Every structure is written in C-alpha cells, then in structure tokens.
1. I need the full set of residues from the stretch 269-289 which are of a type in the set (A, V, I, L, M) and either farther than 18 Å from A33 by Cα or open to solvent by less than 40 Å² (accessible area, probe 1.4 Å) (or both), in order please.
2. May I ask you to list the residues in the stretch 1-30 that are of a type in the set (V, I, T) and open to solvent by less than 10 Å² (accessible area, probe 1.4 Å)?
3. For the stretch 115-132, what are the residues that are outside any loop (DSSP other than H, G, I, E, B) and open to solvent by 30 Å² or more (accessible area, probe 1.4 Å)?
4. Looking at (1) open to solvent by 40 Å² or more (accessible area, probe 1.4 Å); (2) within 18 Å of L148 (Cβ to Cβ); (3) of a type in the set (V, I, T), can you tell me which one V59 breaks?
5. Here are some conditions: (1) surrounded by fewer than 20 Cβ atoms within 10 Å (Cβ to Cβ); (2) within 27 Å of S115 (Cα to Cα); (3) modelled with pLDDT of 95 or more. D195 meets all but one. Which one does it not meet?
6. From (1) in contact with a Pro (Cβ under 6 Å, 6 or more places away or on another chain); (2) free of Cβ contacts under 8 Å to residues at least 40 places away in the same chain; (3) crowded, with 20+ Cβ neighbours inside 10 Å, pick out the condition that doesn't hold for V244.
7. Go over the candidates E70, E97 one by one and state the one that is surrounded by fewer than 24 Cβ atoms within 10 Å (Cβ to Cβ), modelled with pLDDT of 95 or more and part of a loop (DSSP other than H, G, I, E, B).
8. Filter the stretch 73-94 down to residues that are more than 17 Å from N50 (Cβ to Cβ) and among the small types (G, A, S) and give me whichever is least open to solvent (accessible area, probe 1.4 Å).
Amino acid sequence: MSKKLFQVIKPGLLTTFQDLGRTGYQEYGVVVAGAMDDFSLQIANLLVGNQRDDAGLEVTMMGPVLKVLEDSVIAITGGNLSPRVNGQPAPMWKSFEVKEGQLVEFGQPMEGIRSYISVAGGFDLPAVMGSNSTYLKAKIGGLNGRALEKEDILYGNEDVHAVTGRSLHYDEIPKYQKEVTVRVVLGPHQDAFTDEAIKTFLSSNYEITPQSDRMGFRLKGPELTHKTTADIISEAIPLGGIQVPANGQPIILMADRQTTGGYTRIATVISADISLLAQAAPGAVVRFEEVSVEEAQEVYQGRESLLRVLDKVSK
C-alpha cells in the first residue's frame with residue numbers, strides 16, 4: 001500500500017528518480033540511464049533497509065525543497081550539497097527520521113555535485129522495461145519520464161523494517177576532489193592512435209567542460225592524434241568508454257550514453273571509478289591511470305564485497 005511521502009516545494013536544478021538502470025534493452029536502442037553515482041545510491045538504499053537496486057532521487061548541484069507528508073526514514077549520500085531539515089544540518093551517509101511537516105532542503109555544494117535520497121520501503125513508481133530510472137530524452141521512467149516539478153506528490157511503499165542511525169563507516173565514505181584520477185583499461189581501439197597520443201592521454205590533465213551532462217563528459221586538453229581516421233563501424237558503447245572524435249578531444253560516456261557509436265575509443269574507465277567521476281563538476285581536472293583488466297576486476301570485487309556485507313547487515 002502506497003503513502004504520500006513528499007510534496008515538492010521547489011524541484012531543484014535537476015532532480016530525477018534513478019535506480020541501477022534499464023538493462024537488457026540496448027540491442028533495441030533503449031538507453032540504460034540509471035544513477036550516475038551507483039555506489040552512493042546503493043549505500044543510501046542499504047542504510048534504510050531497501051534493496052540495493054531500488055530507485056532513489058538523484059539531486060544535481062542545486063537540490064530540491066521537499067515537504068514531508070508522513071513520518072519516514074531516509075538517507076542522503078553522495079555529494080555534500082549541504083542538506084538540511086527545517087533549517088538544521090542533516091546527517092549524510094546515515095539513516096534518520098523525518099517528521100510530517102518538516103522541510104528537507106539543500107544549500108551550497110560543498111563536495112561533489114550529486115546527492116542521493118532513499119526512503120525506507122522505497123518510492124512507489126511504475127516500472128518501464130523493468131526499471132524506474134528516468135531517461136529524459138525519451139520521456140520514460142521515474143515520474144512521467146521527467147524531472148521533478150513544483151507541487152509534485154511523491155509516493156512511497158510502506159516500510160516494514162526501517163532502522164534509524166545506521167551509517168557507513170567514515171573510512172568507507174568517498175572523498176570527492178576537484179582533481180580526480182580515474183583508472184582506465186586501454187582499448188579497444190588503442191591501435192588507432194599514435195604512440196605519442198597514448199603517452200599524452202596517460203600523462204596530461206583534462207578539464208571537464210560545461211558541455212558535459214548525464215550522457216557524457218566532454219573534456220578539453222592536449223589533442224589525441226589518430227593514425228588515420230577517428231571513424232569506425234558503429235558498435236556497442238560501454239559505460240565509461242572514452243571516445244575520441246576527429247578533433248582529438250576525449251568524451252567519457254556516462255549513464256545516458258547512446259547504445260552504439262562510431263568513434264574510436266582509446267580506453268574505458270573502470271566501473272569502480274565511475275562514481276567518483278560522476279561527482280566531478282565542470283572545470284574539474286581529470287587524469288588517467290592505466291591498469292590491467294585483472295586490477296580493475298580486483299577493485300570491483302573489493303567494492304562489491306563491501307556492498308554485500310552492508311546488504312546482509314541491513315536485512
């Protein structure tokens with residue numbers, strides 16, 4: 001049975017419902033979407049006793065103002081956008097209770113640019129192709145396929161075992177910096193680039209431009225030179241794939257990436273580092289560090305082990 005959780009007083013810059021994505025439909029041209037920072041969303045869910053892949057609110061840079069319509073347990077994770085409840089600082093990376101009539105709001109971005117709000121019991125949303133993720137361009141998923149708007153009413157499911165005060169250990173909380181080094185596996189088209197381009201890619205600073213969005217982060221920095229052409233026969237695009245078009249400027253493909261693409265990819269950001277990258281604002285500096293597939297798998301397994309331990313504790 002659903003209940004009224006929040007009324008949207010102000011929607012924020014871009015606030016959407018996201019889960020872990022709409023998987024299994026890329027062959028039909030359907031974009032995956034999902035949380036940009038999937039680690040933070042999963043932690044938020046676990047802190048309130050939800051399933052890891054439940055939908056939460058993804059808050060971007062300037063957060064919403066939400067009026068609580070019924071007592072609930074929530075958690076806020078990800079970037080520190082100065083969350084407050086009734087004007088008082090709200091905890092992050094910890095589950096806590098909000099009372100009917102209170103206002104949940106946000107202030108200045110202090111660290112990172114995307115916060116995640118989960119509520120015990122989960123939000124009550126219709127699934128589209130097995131997912132609640134909002135994909136704005138196709139107007140599907142989430143709340144009528146769009147971002148939150150003023151006066152929206154957000155519904156939730158009854159929570160059966162909500163627990164307050166559950167938190168992530170300080171040592172496990174990510175640190176979001178204005179300069180971020182992300183690990184990459186070279187390829188699959190590294191042979192399309194000159195040796196000098198590969199060296200430049202791995203030793204230079206690149207700036208995230210204002211033209212970046214949920215689809216991809218456009219970077220500005222030293223040009224990466226192709227041996228012949230930037231074009232390839234169109235093929236499937238992975239999360240974190242780094243395309244380099246003819247202008248030699250890299251584009252890191254993110255949650256709302258297209259399903260196929262026809263530009264060479266010099267490398268792929270490892271999945272465990274996508275969440276850190278997702279918290280970087282335009283103007284931030286990105287550096288790339290080469291790792292092997294085996295090293296990437298080891299890092300992923302470490303993160304997965306943490307999530308599984310928390311999952312057991314939360315149930």
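1. Passing the criteria: V269, I270, A272, I274, L277, A278, A280, A281, A284, V285, V286.
2. Step one: of the stretch 1-30, the residues of a type in the set (V, I, T) are 8-9, 15-16, 23, 30.
Answer for the stretch 1-30, where residues must be of a type in the set (V, I, T) and open to solvent by less than 10 Å² (accessible area, probe 1.4 Å): V8, T15, T16.
3. Pass one, the stretch 115-132, residues outside any loop (DSSP other than H, G, I, E, B): 115-119, 123, 128, 131.
The one that is outside any loop (DSSP other than H, G, I, E, B) and open to solvent by 30 Å² or more (accessible area, probe 1.4 Å): V128.
4. Here V59 meets the rest and fails (1).
5. (2)
6. For V244, the exception is condition (2).
7. Within the list E70, E97, the selection yields E70.
8. Filtering the stretch 73-94 for residues that are more than 17 Å from N50 (Cβ to Cβ) and among the small types (G, A, S), the one least open to solvent (accessible area, probe 1.4 Å) comes out as G79.
The values are calculated or read from the model by the stated rules, or taken from the named source; none is laboratory data. Just so it is clear, the structure is predicted and the values come from calculations on it, not from any experiment. Reconstructed Cβ throughout: ideal geometry from the backbone, glycine too, with neighbour counts over all protein chains shown. To get the accessible areas, we keep the full protein, side chains included, count just its heavy atoms, and leave off ligands, DNA and RNA. Shrake-Rupley method; radii C 1.70, N 1.55, O 1.52, S 1.80 Å.
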